[in-house]
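Reading through the structure tokens given below for one structure.
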Amino acid sequence: MIAGSAPVVSVGELAALLNQTLEFAYPNIVVRGELAEFRVSRGAWVYFDLKDEVARVPFFGSVRALPGPLENGMMLEVRGAPRFHPRWGFSVNVASIQISGEGSIKKAADLLKAKLAVEGLFDPERKRALPYPPARIGLITAAKSAAYHDFVKVLGERWGGIGVLFCDAQVQGDDAPRQIAEALSAFNQMPDPPEVLVITRGGGSAEDLQAFSQEQVVRAVAASRVPTLVAIGHEADVSLAELAADRRASTPSNAAELLVPDRRAAARQLGIHRQQMFDMTAQIISQNRKELSYRAARLGEDADRAVHAARTKLASARQLIEAFNPSAALRRGYVLVSKEQKLVRSGKELAAGQHIDVQMHDARLQAEVISVTMEGYEQK
Amino acid sequence: MNKSSYQELSEQLEEVMANLQQPDIQVDEAVQLYERGLKLVRQCEAYLKTSENKIAKLKAQLKTEG
């Protein structure tokens, strides 16, 4: 190195050169390393180092970049811009922080869960019932994803007439939390929002799913005025967004199953109702028929009875009349005595020598009275 | 046809069926109810058979980071 060939610069110029060089060479970088010396200043700024076995690099950023509570020792993946500040020297300006590795991801989720549980975000009393079925659904998921396709397909198979408003958002990667939170915010700010918001994605690794245990997302779900259903397809631990939601489902398809009834089952039920109504009506008609014939039979019986009673009465009357029939009396041996065509009932009306007519049942006699003897009197 | 229409039809159908079960119902009233119930069933079945979901994209754009 020849002395004097190096440029002579001021301190300020050096700082500026370093910064420009960094900006040019590394506008953006993602660094993976172990968190160390983590601290929050004035509730607004975060300072930390990322280190590994050979080096340690300082980072600086806003608390808004935090995915949740962090602990030294966690493995992080930090997107940022390495820069040289004229006063404070070198540091990487943080754009976003993700957790790296299952262990750290689980640790971070546990920390956040504890923090938010204290605030009551997961309380069962906060859960609201979802309309069943909803008239309009807000759907937040990645466009063209299997989750989108599965949800829409199962929804359509099961029920119709629903308006689905779809908002395309990344569901993994470091911009996912911001996009999901903004989608939730956009739906909530609508003057006439849908009745339920569905946030869903398919399965994936712990890294893929970490957005759903990220503080910004979990708070946005909890704060949503519109009821939420979160469906993350996985078999492992439940994400915090699912805990904060009003309802959770295991997969996108399961979400559709929970939200709407099945039109095929409804059609079967309608068939049953159809038959029930028919049976009920038929029964009423048949019941009526039975009553009618019963009444008709009763009427017949009553009529018969009346006729029979009349007949009996008539027969008695006839017998009575018969008893008074003169011919019967005549047949019994009684006779009718008449004088000068007038019926004579008493001996007082007769005297010896008078001509009388005697009516027998089969003959008429002309006779002359010989003597009249009154019952109990002497002969006249 | 929206959800509340189907819901209304469903409720009306339940009402018809409840009325059909009244103990002192007359025949002509029963027949009228049956016809109304049948009409409601057909309307419900038509909805279930034909209606589809409408999917639209949310108009509000997500702001992209600079």
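Here are some notes:
- Of the residues A:Ile97, A:Val11, A:Phe48, the one whose Cα sits farthest towards the positive end of the charge dipole of chain A is A:Ile97 (charges of +1 on Lys and Arg Cβ, -1 on Asp and Glu Cβ, taken about the Cα centre).
- Within 10 Å of the Cβ of each residue in B:28-34, the mean number of Cβ atoms contributed by other protein chains is 4.
- Computed helical MRE - 222 nm, chain A, DSSP H runs ≥ 4 contributing -39500 (n - 2.57), nearest 500: -13000 deg cm²/dmol
- Rounded if a/c under 1.5, otherwise prolate or oblate - segment A:22-85, Cα gyration tensor axes: oblate
- Bins of 10 Å from zero: percent of alpha-carbon pairs in segment A:1-52: 19, 24, 36, 16, 5, 0
- When each full DSSP H helix of chain A is screened for a Cα extent of at least 15 Å along its own axis and an average Kyte-Doolittle hydropathy of at least -1.0, the helices passing are A:11-25, A:102-119, A:146-158, A:176-188, A:263-324.
- Between the C-alpha center of segment A:328-358 and that of segment A:239-260 there is a gap of 124 Å.
- Binned Cα-Cα distance frequencies in segment A:255-295 - 10 Å width, integer %: 26, 26, 20, 15, 9, 3, 0
- The Cβ shell under 11 Å around A:Cys167 holds other residues with a net charge of 0, Lys and Arg each +1, Asp and Glu each -1.
- Radius 15 Å from Cβ of A:Asp52, net charge of other residues (Lys, Arg +1; Asp, Glu -1): -2
- Directionally averaged projected area (convex hull, Cα atoms, segment B:1-44), nm²: 2.8 nm²
- Shown for the protein assembly as shown: the carbon plus sulfur share of the solvent-accessible area, taken with all protein chains present and a 1.4 angstrom probe, equals 54%.
- Inter-centroid distance (Cα atoms) of segment A:264-295 relative to segment A:12-33, Å: 84 Å
- Inter-chain shielding of A:168-176 (mean C-beta neighbours from other protein chains, 10 Å cut-off): 1
- Gyration tensor (alpha-carbon) shape descriptor, segment A:120-250, a/c threshold 1.5: rounded
- Interface size A-B, as summed buried accessible area [1.4 Å probe, Å², nearest 100]: 3300 Å²
- Residues A:His355, A:His149, A:His273 ordered from highest to lowest accessible area at a 1.4 Å probe: A:His355, A:His149, A:His273.
- The residues of segment A:1-49 present an accessible area of 78 Å² per residue when probed at 1.4 Å with all protein chains retained.
- Extents of the protein assembly as shown, taken as max minus min of Cα coordinates on every principal axis and listed largest first, are 207, 42, 35 Å.
- Computed log₁₀ I(q)/I(0) - Debye formula, equal Cα scatterers, no solvent, segment A:307-377, q 0.11, 0.27 Å⁻¹: -0.42, -1.18
- Packing-based ranking of A:20-31, A:216-227 yields A:216-227, A:20-31, ordered from highest to lowest mean Cβ neighbour count within 10 Å.
- Take each residue in A:128-135, count the other chain C-beta atoms within 10 Å of its C-beta, and the mean is 1.
- Among beta bridges identified by DSSP and lying wholly in the protein assembly as shown, the antiparallel ones come to about 60 percent.
- Summed side-chain charge close to A:Ala142 - residues other than A:Ala142 whose Cβ falls under 9 Å, Lys, Arg +1, Asp, Glu -1: +1
The values are calculated or read from the model by the stated rules, or taken from the named source; none is laboratory data. Because the structure is a prediction, the values reported are computed rather than measured. Reconstructed Cβ throughout: ideal geometry from the backbone, glycine too, with neighbour counts over all protein chains shown. These accessible areas exclude ligands, DNA and RNA; they are computed on the full protein's heavy atoms, side chains included. Shrake-Rupley method; radii C 1.70, N 1.55, O 1.52, S 1.80 Å.
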